[in-house]
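A short write-up of the structure that comes next.
The values are calculated or read from the model by the stated rules, or taken from the named source; none is laboratory data. What you see is a predicted model; the values in this text were computed from it and never measured. Note that each Cβ is placed from the backbone with ideal geometry, even for glycine, and that neighbours are counted across all protein chains shown.
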Amino acid sequence: MHASRNEFRRGDSLIRTRLRERLGRTPAAEGDYAFLAGLPPELSASFSHLLPAVPIPAAVLIPIVDHAEQLTVLLTQRAADLKNHAGQISFPGGRIESEDAGPLHAALRETEEEIGLERRFVDVIGYLPDHLIISGYRVTPVVALVRPGFELKLDATEVTDTFEVPLGFVLDPANHKARRRKLGEGEIEVYDIPYGERNIWGATAGMIMTLYRLLRE
């Protein structure tokens, strides 16, 4: 059941503590364990037949910027002419290439290539479970605190814009807007997170919902 109240109203100090407690030293997912992005784990297996037998491995960074006044989530808007996920709100990241040592290296590399966020500002906390994407990817989300003071330089072929959203906002269930989505022969309930003129949805909203469920356990 979706929570009816914000359990993080005591502020970012609670969120920082929960992040360390729930994600600290967690390893990247192994084996077949993965969520279908946007679904709670108990429903994911029901739709696994809709996914490719061998999904493409990928990784994203969930960059939580540790401002003194509040925590924020750094998000990107994808370029409009990309083959996959064009124009969508997303976390920086991409395919895990053969030269990558693993999902962490891929997430940091892709983040630096896409938006110019240098690794020296990034303090990795841990990982969320892998998320399966209908477009054929298996994504490892890497959660990190980011020290302010960085300067971004966007790769215009990949990203048209970046913006920050207060972490407390995306974790507040009052901002999680349920909708029905057709999937295969059935329907599922997923959540969008509108923020001003932007709408966080799809796999990105699904990863945020996974983070939310993990922190409120």
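The set of residues in region 96-106 being in a helix (DSSP H, G or I) and buried (at least 17 other Cβ atoms within 10 Å of the Cβ) consists of Pro103, Leu104, Ala106. If you take the residues in region 193-205 that are in contact with a strand residue (DSSP E or B) (Cβ under 7 Å, 6 or more places away or on another chain) and farther than 22 Å from Tyr127 by Cα, which one is surrounded by the fewest Cβ atoms within 10 Å (Cβ to Cβ)? Going through the qualifying residues, I end up with Pro194. Residues in region 171-217 that are among the aromatic types (Phe, Trp, Tyr) and out of contact with any Asp or Glu (no Cβ under 8 Å at 6 or more places or on another chain) were compared, and the one that is modelled with the lowest pLDDT is Tyr191. Suppose the filter is part of a helix (DSSP H, G or I) and exposed (fewer than 15 other Cβ atoms within 10 Å of the Cβ); does Arg109 pass it? No.
With Thr72, Thr26 as the choices, which residue is among the hydroxyl-bearing types (Ser, Thr, Tyr), surrounded by 14 or more Cβ atoms within 10 Å (Cβ to Cβ), modelled with pLDDT of 90 or more and within 23 Å of Tyr212 (Cβ to Cβ)?
On the way: Thr26 fails: modelled with pLDDT of 90 or more.
After ruling out the rest, the residue left standing is Thr72.
Among residues of region 115-127 that are under 14 Å from Pro148 (Cα atoms), those with a beta-carbon under 8 Å from a residue that is surrounded by 15 or more Cβ atoms within 10 Å (Cβ to Cβ) and among the aromatic types (Phe, Trp, Tyr) at least six positions away or on a different chain give the pairs Leu117/Phe150; Glu118/Phe150; Phe121/Phe150. When Ile208 is tested against the conditions (1) buried (at least 17 other Cβ atoms within 10 Å of the Cβ); (2) in a strand (DSSP E or B), the lone failure is (2).
Scanning region 97-112 for residues that are without any contact (Cβ under 8 Å) to a residue 60 or more places away in the chain and within 21 Å of Val159 (Cβ to Cβ) turns up Glu97, Asp100, His105, Ala106, Ala107, Leu108, Arg109, Glu110, Thr111, Glu112.
Of all the residues in region 142-159, those that are modelled with pLDDT of 95 or more and either under 18 Å from the mean Cα position of the chain (by Cα) or polar (S, T, N, Q) (or both) number 5.
Within region 169-180, is even one residue part of a strand (DSSP E or B) and surrounded by 13 or more Cβ atoms within 10 Å (Cβ to Cβ)? Step through it out loud before you land on a result.
Narrowing region 169-180 to residues part of a strand (DSSP E or B): 177-180.
After this cut, where a residue has to be surrounded by 13 or more Cβ atoms within 10 Å (Cβ to Cβ) as well, the list is 177.
Within region 169-180, one or more residues are part of a strand (DSSP E or B) and surrounded by 13 or more Cβ atoms within 10 Å (Cβ to Cβ).
crowded, with 21+ Cβ neighbours inside 10 Å and either closer than 30 Å to Ile188 by Cβ or in contact (Cβ under 8 Å) with a residue 12 or more places away in the chain (or both), is that true of Ile89? Yes; evaluated as a whole, the condition is true for this residue.
Would you point out which residue out of Lys182, Lys153 is under 14 Å from Leu39 (Cα atoms) and of a type in the set (Lys, Arg)? Working first, answer last.
Details: Lys153 fails: under 14 Å from Leu39 (Cα atoms).
It is Lys182.
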